[in-house]
Amino acid sequence: MKKVIIAGAGHAGLVLASKLPASEFDVLIIEKNSRENLGHDWEDRFTFELLESVTGKSINDFPDNSWRYRGDSAFISPSKRTSVPVTYSENDKQKVMWRKPLINMLITSAEKAGARFIYNTDITGPIIAEGRVTGIKTDKEEYYADIVVDCAGVFSPVRSNLPEEYMIERNPGRGDLFYAWRAYFDKCSDINPELPFEVYMYHEREQGLSWCCTNENSVDILIGRIDKLTDEKVNEQIAIFRENHPWIGSSIINGGSYGYIPVRRPLSVMVADGYAAAGDSAFMTMPMNGMGIDLSIKAGIILSEVLAENIDKDYTADVLWEYNRRFHTECGAEASKNEGLKNAILSLPYEGVDFLFENGIIQSSDLAGAGKKTSFISLLGKLKRGLKKPKYLFAILSGIIKGSKNAGVYKNPPAVYNKEKIVQWKDQIEKNIVKIL
Ligand SMILES: Cc1cc2nc3c(=O)[nH]c(=O)nc-3n(C[C@H](O)[C@H](O)[C@H](O)COP(=O)(O)OP(=O)(O)OC[C@H]3O[C@@H](n4cnc5c(N)ncnc54)[C@H](O)[C@@H]3O)c2cc1C
C-alpha cells in the first residue's frame, strides 16, 4: 500500500485522488479551508468533457443552476476607440460553471475512490529527510507518506520551502502572476448588451485587463493587473465602469474577493524524491487567459497513471520524471507557447496596444484562440499594416518566435532525470523568456 499525501484540495489533487484505487493507495488530502468554504464564489470556463470523464457524470447530471452558456465577447483597446467582437457558433458557445459545485463534484469522486480528507489544517512546509520529501508540517501535526503531491496553489508553502538543489523554482517573479479582484453586482436596470462580455485590454492604460460581463441578473466585474491591487484601485476602477454601465447595482451578490492567477510557462522541473507539484503550484495555466482547470485535471490524470504504473517502485525523482516529461510533451509545450506573446504585449506602451487593435494586427481569430491560433504565417499577413510602426510589430513578432521556441524546448525534455541534462534544458528555456518591461 502506497501512502499519498495531497497538500491542498486543488483540482489536480482531487482528480488524482479520484483515480487512485483504495486497494493500492492510502490517500490523505490536507486542506486549510473547511469543506463549506472551499472554492471561489464565481464561475469558470473549462472543458466540461474533462469533468464528465473524471466524475463519470454527464452534463445533464450536473447540479441544477451550476452552469450556463456565457454570451459573446468584445475586446476593447486601451483608448476604447476600437472594439473587436468575438462571437461563437451554437456548437462552440462558451460554458461556465460555478466553482463550488465543480469542487464538490471532484470531492465526491475522491471520497468515492476512498480518499480521506482533513480540513481546517494549515500546511506550513515540507519535511525533508536525507534529501527527500517525506511528509508535511502543519499547524497541528506532522504527516508522513511515500509521496507528497503539492496542490496548494500559487503560493504553496511546500514548493516555496524546498531545498535549492531540487532545481524547482520556489517563487514566481514579476509578471508571472495576475492579481485579480472579482465580484458579481446586482443589476439596477434590465439592459442586456449584444456582446455582454466586454474585456478591456490595458484597462485605464495599466498593465493588465478588466472585464465587465452583463448577465441576465448580475454584472460580473473582474479587475486584473500584473502588479498587486489595492482596495483603493479596485474601487476607482469600479467607479469608472459605472460611468458607462449605469445598470451596475450597488450590492455584491457573489464574490467580492481577491485571487491570484499564474500566467506563465509551467514549472520546468516539478518533481523531486518523494515530491510532485500539480495545478497552480506548478503554474499550470494558459498564460494568455489564465485558464488552469483543464491543465490541472490533465496533470491529475497523468500523475495517477505514472503512480499506478510504478506502484512497486520507490517514488524517486527518476520515477516521477515520467510525469514531468509527459505533462510537458502533452500539455506544457502548448501552455508555454503563448507566454512570449503575452509578455510582449504587456511590455508595449498602451499606445502600442492601441496601434495593434486599430491596424487589424490583433483580430478576432487571435483573441478567440487566446494567442494559440496566432501563427507566424498569420502574422506575416499583417506585416504590411504593422510596418507603419515596426518597433511594435517586431516586439510582437519576437514574442511569438520566442514562445514557439520555448514550446519546442518543453516538447523535448530530457528522457531521464539527469541533473546535468536538466540544467542545460532549463538554460534553453531561460533564454527564450520574454521579460516584461
Ligand atoms: C479570478 C479568477 C478567475 C479564474 N478563472 C478561471 C477560468 O475561468 N477557468 C480556468 O480554467 N481557470 C480559472 N482560474 C484559474 C484557476 O482558479 C486555477 O488555475 C485552478 O483553480 C487550479 O488551481 P489549483 O486547484 O491548483 O489551486 P487552487 O484552486 O488555488 O487550490 C489550492 C488549494 O490549496 C489550499 N491551500 C493553499 N495553501 C494551503 C495551506 N497552506 N495548507 C493547506 N491547504 C492550502 C487552498 O485552500 C486550495 O483549496 C481563475 C482564477 C482566478 C483567481
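The values are calculated or read from the model by the stated rules, or taken from the named source; none is laboratory data. In this text, all values refer to a predicted model and were calculated from it rather than measured experimentally. Glycine gets a Cβ as well: all are built from the backbone with ideal geometry, and neighbour counts include every protein chain shown. Note: areas computed on protein heavy atoms with side chains; ligands, DNA, RNA excluded. Shrake-Rupley method; radii C 1.70, N 1.55, O 1.52, S 1.80 Å.
Test ASN324 against the stated conditions and say whether it is among the polar types (S, T, N, Q) and assigned to a loop (DSSP other than H, G, I, E, B).
In short, no.
Could you look through the stretch 219-273, keep only residues that are among the aliphatic types (A, V, I, L, M) and assigned to a loop (DSSP other than H, G, I, E, B), and pick out the one that is farthest from SER336 (Cα to Cα)?
Among those that are among the aliphatic types (A, V, I, L, M) and assigned to a loop (DSSP other than H, G, I, E, B), it is LEU229.
Residues that are assigned to a helix (DSSP H, G or I), free of Cβ contacts under 8 Å to residues at least 24 places away in the same chain and surrounded by fewer than 23 Cβ atoms within 10 Å (Cβ to Cβ): does the stretch 348-355 have at least one?
Looking through the stretch 348-355, none of the residues is assigned to a helix (DSSP H, G or I), free of Cβ contacts under 8 Å to residues at least 24 places away in the same chain and surrounded by fewer than 23 Cβ atoms within 10 Å (Cβ to Cβ).
As an exercise: evaluate ILE107 against (1) more than 16 Å from the ligand (Cβ to nearest atom); (2) in the same structural domain as GLY13 (by TED's automatic domain parsing) and give the number of the one condition it does not meet.
(1)
For THR121, indicate whether it is over 25 Å from ALA308 (Cβ atoms) and touching a strand residue (DSSP E or B) at 6+ places or on another chain (Cβ under 7 Å).
Here the answer is yes, as THR121 does meet what is asked.
Condition first: assigned to a loop (DSSP other than H, G, I, E, B) and more than 9 Å from the ligand (Cβ to nearest atom). Now tell me which residues in the stretch 135-160 satisfy that.
Listed by number, the residues that qualify are LYS140, GLU141, ALA145, ASP146.
For the stretch 152-177, what are the residues that are farther than 19 Å from GLY290 by Cα and of a type in the set (Gly, Ala, Ser)?
Within the stretch 152-177, SER160 is the sole residue that qualifies.
Going residue by residue through the stretch 183-199, is there one that turns out to be open to solvent by 30 Å² or more (accessible area, probe 1.4 Å), β-branched (Val, Ile, Thr) and not in a loop (DSSP other than H, G, I, E, B)?
no
Counting only residues that are within 16 Å of the ligand (Cβ to nearest atom) and open to solvent by 50 Å² or more (accessible area, probe 1.4 Å), which one in the stretch 54-82 is farthest from ALA17 (Cα to Cα)?
Among residues in the stretch 54-82 that are within 16 Å of the ligand (Cβ to nearest atom) and open to solvent by 50 Å² or more (accessible area, probe 1.4 Å), the one farthest from ALA17 (Cα to Cα) is TYR69.
Out of the stretch 262-312, which residues are crowded, with 24+ Cβ neighbours inside 10 Å and on the phi > 0 side of the Ramachandran plot?
GLY274, GLY279, PHE283
Among the candidates PRO126, PRO172, PRO85, which residue alone is within 14 Å of the ligand (Cβ to nearest atom) and open to solvent by 30 Å² or more (accessible area, probe 1.4 Å)?
Residue meeting the stated conditions: PRO172.
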